[in-house]
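The values are calculated or read from the model by the stated rules, or taken from the named source; none is laboratory data. Computed from a predicted structure; not experimentally measured. Cβ coordinates were reconstructed from backbone atoms using ideal geometry, including for glycine residues, and neighbour counts include every protein chain displayed.
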Amino acid sequence: MNLDQAQECLSRSKKKFAEGGQYESAVRFAEKSIRLCDTKEAQEWLSFLKTNPSTSAASESSASKPSQQQQQQQQEKQKANLEDAKPMLPYTQDQVAGIKRIKAMKAKGDLYGILGLEKSCSDGAVKKAYRKLALQFHPDKCGAPGTDEAFKAISHAFTVLGDEGKKEQYDRYGVDPESSASRSGGGGGNPFARGGGHFHGAHEVDPEEIFNMFFGQMAGNGVRFQTNFGGPGFNTRFQQQQQQARRQQQQQQQRNHPGGIPASLMQFLPVIVLMAFSFLSMLSGSSDPSLSETSYAWEYGGSYTMKRATQVHAVPYFVNPRMFTEKYEKMQAGHWKLNNFEKSIESQYYRTIYYNCQNEREYKQRLISSAYSLFGGVNKDRLQAAQNYDMKFCNEVEAWNTVSSSGTKVGKGGQSGSRKRAA
């Protein structure tokens, strides 16, 4: 074990030296490596550090750097001191073998392999695997060399495979949505049929935050991991800070209104206002039923059980049978109220598929770019997969525009292929 730890310290020493301006840290890690296990390589490296003129020159040049860099170097030194003072944690050979396996899977880009899973695994299996590995390889519990890298790889695999949208993209294209290649190009992403969700490359979430969120949620402390599809992109948020802000706001309200409305009642004020607006809307519309009162849904469920399709583009939608019957069943197909109602549905649908078409174009271009390496090489399989990427939303936009320009109506059942909801 001492030999592995000595090699780890020697690697850190060389890394500190290569970064420049961290000569003292490099010497300190080299000396620590020798204390753990005296090897010829470590002795030669320490001798090189103490005799090579470039090391002292690098140290002297660092003194003339801007104050911001000096502060950063000071922080690095403090961090190194903490690492020196930190006791070596025990570890087992099974953990060493596990770290080696995780690194190998990471090098291959196999996120399932990192968690020790098959591609056909369930969501529950992903969570179970993360729970087991995160506890086994947490840096505060395992002292084996490479623990930090393994822990980050485990957390990263969980953020991708534990998210429905990212997992679908990874399964379908074999491209890690959080990798630098897939994030290049700025914004956009792969649209998905359910919810029209799309990603924009997000910053990697701190593995410690993921760990605290996951195990804090199991302990029932109110920490919640929420994914939000729609809007300008894919956002991943932790709710703990919001809860703390709400508590502070409530405390502030109690201080500001000691003799007025109780703070507990103030919490329900937004709900009361919304209910009032809803009630007023019902009163204003009861005398003159308008088109906007009839709502619709893209999927079957709840009170929306009656399936219909728009007259021009055959966009499927669901309505409340009772509400729709009362207002539109007796009307002819060409009645202006019904036409306006369906035009609003088609307008919303077209905006959605057009927006997702733009995302498809950007995403395909990033797939093509990711097939080329920085040194001019090309991954032919990845390039072929990128060129064969199915532009289903763009195809639908093209078909839509063809129908609109020709002035023909598709009608129910007249569309080639089943139109899937994109909203």
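Just a few scattered comments:
- One residue alone among 371, 422, 385 is of a type in the set (A, V, I, L, M) and modelled with pLDDT of 85 or more, and that residue is 385.
- Residue count, the range 86-135 (criterion: within 18 Å of residue 162 (Cβ to Cβ) and part of a helix (DSSP H, G or I)): 20
- Within the option set 345, 353, being part of a helix (DSSP H, G or I), under 26 Å from the mean Cα position of the chain (by Cα) and modelled with pLDDT of 80 or more holds for one residue only, 353.
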